[in-house]
Amino acid sequence: MANHKSALKRIRSNEAKRLRNKYQHKTARNAVRDLRIVEDKKDAETKLNNVISMLDKLAKNNIIHKNKAANIKSKLTKHVATL
């Protein structure tokens, strides 16, 4: 167990950040999955913008690697273009 006030606060804040990152990451993964299922091109294009925004935010905050975000965005863009 931590002995310093600052260490106790760091433990609390790390847990809060971990849960927030987990929630955002899972939400983005679900959005990607939902976009891959969509068959309507107009609907897919609107969802694509939201998913790209989510992925960019995750990459900016180092929740996922920037190259992983780029790969996912590229694959999704190709998928929407083929609809």
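Compute the Rg to Rh ratio over region 1-49 from the alpha carbon atoms, using the Kirkwood formula for Rh, and round to two decimal places. Display every interim value, and only then the final one.
On the way: Rg = 18.6 Å, Rh = 13.4 Å.
That ratio is 1.38, to two decimals.
Given the -39500 (n - 2.57) contribution per DSSP H run of 4+ residues, what per-residue ellipticity at 222 nm results for the chain, rounded to the nearest 500 deg cm²/dmol?
Taken over the chain, the calculation gives -29500 deg cm²/dmol.
How big is region 41-83 on each of its three principal axes, counting only the C-alpha atoms and giving the largest first in Å?
Taking max minus min along each principal axis of the Cα atoms, region 41-83 gives 31, 15, 7 Å.
Report the Cα centroid-to-centroid distance between region 52-83 and region 1-30 in angstrom, as an integer.
24 Å
Which aspartates and glutamates does K26 reach when only Cα atoms under 16 Å apart count, and residues fewer than 8 places away in its own chain are ignored?
The reachable aspartates and glutamates, counting only those whose Cα sits under 16 Å from K26, are D34, D56.
Taking the chain, how much of its Cα-Cα pair set, in percent, is spaced more than 22 angstrom apart? Can you show the working numbers first?
Numbers: 1291 of 3403 pairs.
When every Cα pair of the chain is considered, 38 percent fall beyond 22 Å.
Kindly state, to the nearest 0.05, the FRET efficiency for D40 paired with H65, given R0 = 35 Å and r defined as their beta-carbon distance.
Given R0 = 35 Å and the Cβ-Cβ separation, E is 0.70.
Read-outs: derived from the displayed coordinates by stated rules, not from any lab. Everything quoted here is computed from the prediction, not taken from an experiment. Here the Cβ is made from the backbone with ideal geometry for all residues, glycine too, and neighbour counts use every protein chain on show.
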